[in-house]
Amino acid sequence: MTEYPHLLSPLDLGHVTLPNRVLMGSMHTGLEETKDWPRVARFYAERAKGGAALIVTGGMAPNREGGVFPGAAGLFTAQDIADHRVVTDAVHAAGGRIAMQILHAGRYAYGPECVAPSAIRSPISPFSPKELDEEGIEKQISDMVTAAVRAREAGYDGVEVMGSEGYFLNQFLVTHTNKRTDRWGGSYENRMRLPVEVVRRVRAAVGDDFIVIYRLSMIDLVPDGSTFDEVVELAQRIERAGASILNTGIGWHEARIPTIATSVPRRGWAWVTEKLMGKVGIPVITSNRINTPEVGEEIIATGVADMVSMARPFLADPDFVAKAASGRAREIAPCIACNQACLDHTFSGKLTSCLVNPRACDEASFDAGPADTRKRIAVVGAGPAGMATAIEAAGRGHAVTLFDKADRVGGQLNMARVIPGKEEFHGLVDWFAHMLAQRGVELALGRAVGPDDLDGFDAVVVATGVVPRDPGIPGQDGPNVLSYIDVLRGGAEVGPRVAVVGAGGIGFDVAEYLAHEGVSPAEDTALWQREWGVADPATHRGGLAPEGPQPVPPARQITLLQRKAEKLGRRLGKTTGWIHRASLQMKGVEMIGGVNYERIDAEGLHVSFGEARERPTLIAADTVVLCAGQEPERSLADALAGRGVPVHVIGGADVAAELDAKRAIDQGMRLALTL
Ligand code: FAD
Ligand code: NAP
Ligand code: SF4
């Protein structure tokens, strides 16, 4: 008997029955653009083998003007169709099913050729779109239909018509972007015409035995967005036009409300999908921040949706469903919704990967297989670098001992997990701990390791992490000065007025930690909605609360400082930095750049500005917290090197600059393949 009977129950779509209720949602990985089709095929086939009932590809452009960026992949030629066959054949051979997403970006297309219902530039694009005339609209419909027909020729089991997230079809639906006065604009009847027509003609062209998913924006989160009555009406029309399934889209890309970041509560948007249940006769999929089988099971069991879409969790673990089905749910590598290796990569023009699973999209590089000889390996430091090495090396058959001076594994992740909005790190550390046990790694915790402790090993890996950088501020040894470690690990007393020295990732996190008290909004959806100004789209257009964000008052008065004369947080994650900045701004955190730290005394932190050290200013504070960066902890590595012992140095112990868990895990896993 499975623990997830509802999640793993079949779903009958008429001409086909899906084996379970888990859809692998669409993600742009950049793989298709590499044109390395065996690599693309391997990526999807592994996910099919891992049990996803239906996979949706990344968005494929129906034509050049609709591509998300110039050169975006699509089915334009006979060769393209043959190339995609490689992928669909591999997925079918693995026992899976795959649908191709047709993504017309409209005014979000990053190029001068972009087209839209009206010539209104989006706030997130430098390109003004060309307003389409009647003929132009016909061409777009015809191109989308052609894409669907070609998808069928290429062996896909269906298509997903992308109608949400503020893309082309969504742009026709709302007056925010559609100012037309012809039959494609004005009344809602007219604004709905394009999406409905696309689905109708796609269905007519592909026949009945082909899956057509429509991704529908159920809460736009932009001014003048749809009401829920309009959402229901559109859903019913799309059903009548021939869609097999409705998928949920949450928020336009230009919305200033987080929709999938780690600080969004788990299943924090499923309530929107639930509102549509019972209003249509076809299955409805819910989406966003679903990352465990427990959450998926609860959603299906309680009738919140008929199916759940998970996208990033299939980067973190291709075997999500297979593990859930075989009683190995604790082995599922969790997606922590950090975006660090997926969306941040996409928006930087890099191939997608995954922080917790560097194999994602690079499967062939990890084909080392079992080790030829079983070695005794010592790994010192149970942070992410050391844990990743230990798990991978043990998986290859080595006898691994993992040392840490702390009495638990996790390293700095144990500080990350206490930050409000980073609760997912609890699950990540638990997963590491479980996998260490499952792979038989011997743990030696609670004692600092010196060079004498490492005799008799065939290989030594030093993953001792970092030490905080000493900023050398006069007065920093006073009783009112703490390091981030004192605050996050030691629970040190912090006064009501705080100055935070350093505004990197840790400075921002410490400010977030000190600004909050009580329940974390990430664990209370209603509180989180108030913080960000989310309302029910049934009562407020687009789901925007008229009163705007209503954050809980801050627990402390906080000033965040840096020496660089640039916007604070500029170097934070590409897709999440704005959320950290907005969150602190809502908490009234003052952000000051371009300072010189002069001294700390009982009154607080004294700073000046510019090379001439002008405008002496007191930042009145009861506590000053130092978050001035980190340096490698190399004492063990240096001592071993001094004795001529060969060592592998990884993670922060190797290079502390711009270190994050993504690099630490990647380096650790890749090293283990060579041991
Ligand atoms: P560490 O995690 O520092 O681990 C080193 C380990 O070595 C420690 O457990 C230490 O006790 C042990 N050790 C040291 N010397 C010895 C010795 N002689 N004997 C035995 N054991 C020893 N990164 C992200 O990617 N995303 C985030 O969102 C994120 N948030 C963060 C939030 C906070 C508050 C902090 C502090 C860090 C955050 N990081 C984040 C950074 C991330 O945690 C680090 O980059 C990562 O942990 C570094 O991994 P590591 O294995 O090199 O070292
Ligand atoms: P960091 O990002 O390098 O930031 C260090 C901060 O200290 C900067 O604001 C820097 O700004 C300041 N600083 C540097 N030298 C200083 C000095 N001598 N005196 C005073 N201030 C100084 O490092 P971090 O915040 O310690 O974070 C460590 C790593 O963890 C980072 O690489 C980060 O990527 C990772 N992390 C990531 C996340 C995430 O969400 N992805 C969260 C937390 C941590 P100025 O030089 O301008 O003063
Ligand atoms: Fe999830 Fe982070 Fe991996 Fe992206 S990089 S899939 S958000 S864990």
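Relative to the longest principal axis of the Cα atoms of the chain, the long axis of helix 228-241 lies at roughly 60 degrees.
Would you mind telling me the antiparallel percentage of the DSSP bridges in the chain, rounded to 5? Don't skip to the end; give the middle numbers.
Values: 17 of 79 bridges.
Restricted to the chain, the bridges split so that about 20 percent are antiparallel.
A protection proxy built from the mean count of other Cβ atoms within 10 Å ranks the segments 220-232, 564-576, 260-272, most packed first, as 260-272, 220-232, 564-576. Principal axis extents of the Cα atoms in segment 449-525, from largest to smallest and rounded to whole angstrom, are 52, 43, 21. A Förster radius of 45 Å, combined with the Cβ-Cβ distance separating I485 from R328, puts the computed FRET efficiency at roughly 0.80.
By the rule of a C-alpha distance below 18 Å, with chain neighbours fewer than 8 residues away ignored, the lysines paired with K130 are K139, K179. Taking the dipole about the Cα centre of segment 457-607, with the C-beta of Lys and Arg at +1 and of Asp and Glu at -1, give me whichever of Q529, A602, L544 is farthest to the positive side. The listed residue farthest towards the positive side: L544.
Measuring between their Cα centroids, segment 141-211 and segment 292-336 lie 30 Å from each other. Cross-link pairs exceeding 24 Å between alpha carbons, from the set K567/K587; K35/K662; K422/K587; K35/K350: K35/K662.
Computed from Cα atoms, the angle from the helix 188-206 axis to the main principal axis of the chain rounds to 80 degrees.
Listed peptides 389-402, 124-137 appear in the order 389-402, 124-137 once ranked by packing, highest mean of other Cβ atoms within 10 Å at the front. Solvent-free Debye calculation, one equal scatterer per alpha-carbon of segment 1-155: log10 I(q)/I(0) at 0.21 Å⁻¹ equals -1.24. Ordering of 206-216, 247-257, 583-593 by packing is 247-257, 206-216, 583-593, highest average first (other Cβ atoms within 10 Å, averaged per residue).
Overall shape of segment 338-451 was characterised from the C-alpha gyration tensor. The equivalent ellipsoid obtained from it has semi-axes of 25, 21, 11 Å, in decreasing order. Roughly what % of Cα-Cα distances in the chain sit above 32 Å, to the whole percent? Result: 54 percent of Cα pairs exceed 32 Å.
Tally Lys and Arg at +1 and Asp and Glu at -1 over the other residues with C-beta under 12 Å from the C-beta of A364: what net charge comes out? Display every interim value, and only then the final one.
Working: positive: R39, R42, R359; negative: D36, E46, D362, E363, D367.
With Lys, Arg at +1 and Asp, Glu at -1, the neighbours total -2.
At q = 0.19 Å⁻¹, what log₁₀ I(q)/I(0) does segment 235-380 have when each alpha carbon counts as one equal point scatterer in the Debye sum? Evaluating at q = 0.19 Å⁻¹ gives log10 I(q)/I(0) of -1.23.
Report, to the nearest whole %, how much of the accessible area of segment 1-47 belongs to carbon and sulfur atoms, 1.4 Å probe, protein only. Provide the component values of the computation, followed by the final result.
Working: 1110 of 1960 Å².
Ligands and nucleic acids excluded, carbon and sulfur reach 57 percent.
Applying D = kT/(6 pi eta Rh) to segment 269-340, where Rh is the Kirkwood radius over alpha-carbon pairs, T corresponds to 37 °C and eta to 0.692 mPa s, the Stokes-Einstein value obtained is 255 µm²/s. Rolling a 1.4 Å probe across the protein heavy atoms gives segment 222-370 an accessible surface of 30 Å² per residue.
Answer rounded, prolate or oblate for segment 408-546, using the Cα gyration tensor with square roots of eigenvalues a ≥ b ≥ c: rounded when a/c is under 1.5, else prolate when a/b is larger than b/c, else oblate. Display every interim value, and only then the final one.
Details: a/c = 3.27, a/b = 1.47, b/c = 2.22.
Judged from the Cα gyration tensor, segment 408-546 comes out oblate (a/c at least 1.5, b/c at or above a/b).
To the nearest 10 degrees, how steep is helix 384-395 against the longest Cα principal axis of the chain, on a 0 to 90 scale? Helix 384-395 and the main axis of the chain meet at about 70 degrees. Would you work out which of Y4, L23, I81 lies farthest towards the positive end of the dipole of segment 1-106? Charges go on Cβ: Lys and Arg +1, Asp and Glu -1. The Cα lying farthest towards the positive end belongs to Y4. Using equal-weight Cα scatterers in the Debye expression, the normalised intensity of segment 449-490 in log10 at q = 0.28 Å⁻¹ is -1.08. Accessible area of L482 (1.4 Å probe, protein heavy atoms only, ligands and nucleic acids ignored): about 30 Å².
Can you give the convex hull volume per residue for the Cα atoms of segment 147-274, as a whole number of Å³?
118
Of all aspartates and glutamates in the structure, those lying under 20 Å Cα to Cα from K323, and not within fewer than 8 positions of it along the same chain, are E3, E46, E294, E297, E298, E331, E363, E392, E424, D430. The residues packed around I290, meaning those with a beta-carbon under 9 Å from its beta-carbon, carry a net charge of +3 if Lys and Arg are +1 and Asp and Glu are -1.
Modelled label positions at E442 and T302, each set 7 Å beyond Cα in the direction of Cβ, lie 4.7 nm from each other.
Once the other residues with Cβ under 11 Å from the Cβ of R439 are scored (Lys, Arg +1; Asp, Glu -1), what is the net sum?
Values: positive: R396; negative: E331, E392, E442.
Charge balance near R439 sits at -2.
The values are calculated or read from the model by the stated rules, or taken from the named source; none is laboratory data. Given the structure is predicted, the values throughout are model-derived calculations rather than measurements. Every residue, glycine among them, receives a Cβ derived from its backbone with ideal geometry; neighbour counts consider all protein chains shown. Side chains included, ligands, DNA and RNA excluded: accessible areas come from the protein's heavy atoms. Shrake-Rupley method; radii C 1.70, N 1.55, O 1.52, S 1.80 Å.
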